[in-house]
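The values are calculated or read from the model by the stated rules, or taken from the named source; none is laboratory data. For clarity, every value in this text was computed on a predicted model and none was experimentally measured. In this analysis, Cβ positions are derived from the backbone assuming ideal geometry, glycine residues included, and neighbour counts consider all displayed protein chains. Note: accessible area is taken over every heavy atom of the protein model, side chains too, but ligands, DNA and RNA are not part of it. Shrake-Rupley method; radii C 1.70, N 1.55, O 1.52, S 1.80 Å.
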Amino acid sequence: MKQGHFTIKPSAHKLARRAFSANNAGLILLYAVGFAVANWAARPWAGAGFFSLWYPPAGLRFAVLWSRGARLTPWLVLIEIIADIVVGTISLTHGSALQEITGAARPGLSYGTAMGLVRHLSRGRSGTLGLPPMIFGMVAIAAPALNAILVIPFEAWLPAESDRYRSGVDAAISLTGLAVGDLLGILVLAPPLLWLSTIARLKHPLPWRWPSLRPVLEDGLVMSGCLGLTIALWRAGLGAQTTPSLLAGAWIGLRHGRTAAWFAILSQTLVFLPYSAGALDDPLRLELHLGIASSVLVTWLAGSFSDAQQKAQAALDRRNRMLYQAQRLKTLRAMSVAVIHEISQPLSTLAIEAAHLRSATLGLGHDIAESAALVNRKAVALSDMVRRLRRFGGREVDEPSALPVAMLIQSACQIVSFEVRDQSKNLHCGPISPDLVVHAQEIELTQALVNLLRNALAAGQGQVVSLLACAHGEAVRIIVNNPTSLVTATREGTGMGIGLAIARTIVEAHGGQLLREDKSNSVRFVISLPLFKGPARLEGGAR
Amino acid sequence: MIDPVPARASSVAVLDDDADLAATVSRLLARHEITALPFTDPHDLLNAWPTRHFACVVSDIQMGDMDGFAFADALRKHDPAVAMVFMTAWPTTTHAVDAVRRHGGLDYLEKPIDEARLIAAVGDGVAWSARQRRIAALTAAFTKREREVFDLLVRGHSNKEIAQRLGISARTVEDHRAAITAKTRTNGLAQLIALSRGDVLRPLPANPGNFPDSLWEPAK
């Protein structure tokens, strides 16, 4: 579903306020502590030319940015710099303080940029790559890569005198080491942190479900087999080889998705990291970590791909169910048309005979004449009803015609009035000028408005949903205003979630636009349609 | 001087696979002094045609193996001068247009039927059919050349123009014109034009013997 049509225009000060709410203050404090601790924990894997080949703070940073949005970037950068100063990584008295501060700001900035960029590029994309699991996977690669690449301009601008990032061939080693450490940190630490945050934010926690035994056994067997092979190769003097665990990770990820992939990654790192923290020289350690990184990356991407496939399949299943529903509705419509036909045939006879009976009995007794007249009246009423029903069910009736907006709003309100009463909600319609006329298919446009009203009624919490219409230049704007906050407007579970999409399709087919123009304390959807300037308007909007 | 043929002189067939409705519509027409016969099978009606002619057929559209439109086309092959009025319980815009434009229907009625509209349509149909039959009878009495001269004459062409168009002499045109006047027993171009539109002339003079009486209203 394209989001581009809904323009939300928050002002700059509102953005700043949203970027740092009280809720975020606690998180940022926690982040500061976590960052310092994780930084310290990375030290055993440090080497010449790079900070660490296993860098958990990257995972922490990634998780916070992913869950709270890239808008927190400036705050994270600030906290990281302060934490570095407090633990003494940055010395303010030192001559290279500026270089060190910019160096500390770079990772946060590049993570925020990469995340914003990938999310922006994947917006509106359909297909597997546009699904959330794959977006996460791509950001997880793009962020460390960008962080490493940005070292070059940063170093060119403010060359550090310390030899953290060396030149020439050594620079390649430095940057690879940096990217590898970040990647490992992200893929090992971010997923569990994000899961924890999701669970913590659920209002009604999901009941714990044990995973089924079969996949666990299968994955365990594959992983232990491959790790066993790695140990055997190491014993044979070939060094610590990561290829077997890469194969195992790919298998597990593709078979059982991201959760299984993460456990595979965890077991890979648990086996390799203690080994690489030991007495290894830098090139050997870098080589090993490159192997681990590729294995972890492949595992995670395989898991993401599998999950994305499952999501796509679920979407397909949902669409199939909707098609099935549509098919049933079609059958139902055919049935009702058939019923009308079956009724109209005998009714034709009945109506003619009843009319005859009425005129033939006029001169007879009062009682019989009255009976005949009653039968005739009922036959006429029934005939009218059959004609009306047939007109409603038929296709030819919904041809575009001049339609007063007041009438459109009135019929939409009538349709939802039962739901309004049923859910003890309130629906308020402002006075609507009879001059507002659009050229439209009445049944379709009513459906679009009904969908918006239903969404507003379902999302609101007892407040009044209001419906207004006004002329705006050459267009008429029909506004569905729902006084609710942006956070509570997101809801799950009711309906099929296609009402809005259908409404937009209908409105666009009429040459109009469906816009979302939220106010500070209300969600409002606006249908904008071209005003009709035909003869109907001159007649005061009569159809 | 010119009168349309009154409806009561002709008869109507009502065709519907629902026998009750066919009978009811026939009785309704009979009550309005239009003689009508009910039919339930289009084949029965087609088979009856050589011996029994109807001025107008009120036909259902959706019927068993032969629908109202196919029936109308088959009937027109036998008799192009029959008027058709369609009725249906499945009204659609396409059918309504087809009924009138392609199958020569005079009206397209939705069931349950609007009685006044049915009576009016059948009345129009009977009058239209009578005119068509008169025109057919008129042209049947002419020779091929007389027919050509007649067609040009009633369209307002002079003898000279007709002679030029047909490549004959003006004298021959005058001869044909005299024969036409004699056969139709008319006394002037105005009456010829009225005849070409299917109108009825009166009073009835002595019939020279070779021209159908039906063109003339019986003397009162």
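Structure summary
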{"read-out": "Degrees, to the nearest 10: B:144-154 long Cα axis against longest axis of chain B", "value": "90"}
{"read-out": "Sites residue A:209 and residue A:67 - FRET efficiency at Förster radius 25 Å, r taken between beta-carbons, to 0.05", "value": "0.65"}
{"read-out": "Residues residue A:362 and residue B:74, FRET efficiency given R0 of 56 Å [Cβ-Cβ distance, rounded to 0.05]", "value": "0.85"}
{"read-out": "Ranking by accessible area, most exposed first, for A:234, A:66, B:49 with a 1.4 Å probe", "value": "A:234, A:66, B:49"}
{"read-out": "Shielding score for B:109-117, defined as the mean number of other chain Cβ atoms within 10 Å", "value": "6"}
{"read-out": "Inter-site label distance for residue A:401 and residue A:335 at 7 Å from Cα along Cβ, in nm", "value": "3.0"}
{"read-out": "Relative contact order (%) - the range A:52-157, alpha-carbon pairs under 8 angstrom, separation at least six", "value": "25"}
{"read-out": "Separation of the residue A:429 and residue A:374 label points, Cα + 7 Å toward Cβ, nm", "value": "3.7"}
{"read-out": "Counted charge near residue B:51, where neighbours are those whose Cβ lies closer than 13 Å (Asp, Glu -1; Lys, Arg +1)", "value": "-1"}
{"read-out": "Largest-first ordering by accessible area, 1.4 Å probe, given options B:175, A:219", "value": "B:175, A:219"}
{"read-out": "Formal net charge of residues neighbouring residue A:108 (Cβ-Cβ distance under 9 Å; K, R +1; D, E -1)", "value": "+1"}
{"read-out": "For peptides B:152-159, A:318-325, sequence by mean Cβ density within 10 Å, most packed first", "value": "B:152-159, A:318-325"}
{"read-out": "Ranked order, A:337, A:464, A:188 - accessible area, probe 1.4 Å, largest first", "value": "A:464, A:337, A:188"}
{"read-out": "Between 0 and 90°, nearest 10: helix B:68-78 axis offset from chain B longest Cα axis", "value": "30"}
{"read-out": "Amide proton proximity set for residue B:84, modelled H, under 5 Å, gap of 5+", "value": "B:57, B:106"}
{"read-out": "Potential lengthening between residue B:139 and residue B:101 on full extension [0.36 nm per residue; Cα-Cα distance subtracted]", "value": "11.1 nm"}
{"read-out": "Accessible area buried, both sides summed, chains B and A with 1.4 Å probe, Å²", "value": "1700"}
{"read-out": "Under 12 Å, Cβ to Cβ, from residue A:343 - net charge with Lys/Arg +1 and Asp/Glu -1", "value": "+2"}
{"read-out": "Sequence-separation-based contact order of the range A:352-436, relative, with Cα cut under 8 Å and 6+ spacing, percent", "value": "22"}
{"read-out": "Nearest 10 degrees, 0 to 90: helix B:19-31 Cα axis against chain B principal axis", "value": "50"}
{"read-out": "The range B:1-102, accessible surface, carbon-and-sulfur percent (1.4 angstrom probe)", "value": "54"}
{"read-out": "Note, ³J(HN,Hα) from phi for the range A:430-443, Karplus 6.51, -1.76, 1.60, rounded to Hz, x at Gly and Pro", "value": "x, x, 10, 5, x, 6, 7, 10, 10, 9, 7, 8, 4, 5"}
{"read-out": "Selected from B:197, B:52, B:177 as most flexible by GNM, with chain B as the system and alpha-carbon contacts under 10 Å", "value": "B:52"}
{"read-out": "Residues in the range A:374-390 that, when all protein chains are in place, have 30 Å² or more less accessible area than the chain alone would give (probe 1.4 Å)", "value": "A:387, A:390"}
{"read-out": "Spin-label model distance (nm) - residue A:388 vs residue B:48, 7 Å beyond Cα toward Cβ", "value": "3.9"}
{"read-out": "Net length gained if the chain between residue A:200 and residue A:417 were fully extended (0.36 nm per residue, minus Cα distance)", "value": "74.3 nm"}
{"read-out": "Whole-number accessible area per residue in Å² for chain B, which is evaluated in the context of all protein chains at 1.4 Å", "value": "48"}
{"read-out": "Under 13 Å from the Cα of residue B:111 - aspartates and glutamates, other chains or at least 8 residues apart", "value": "A:342, A:384, B:16, B:18, B:60"}
{"read-out": "Gained length - residue A:533 relative to residue A:117, 0.36 nm times residue gap less alpha-carbon distance", "value": "145.3 nm"}
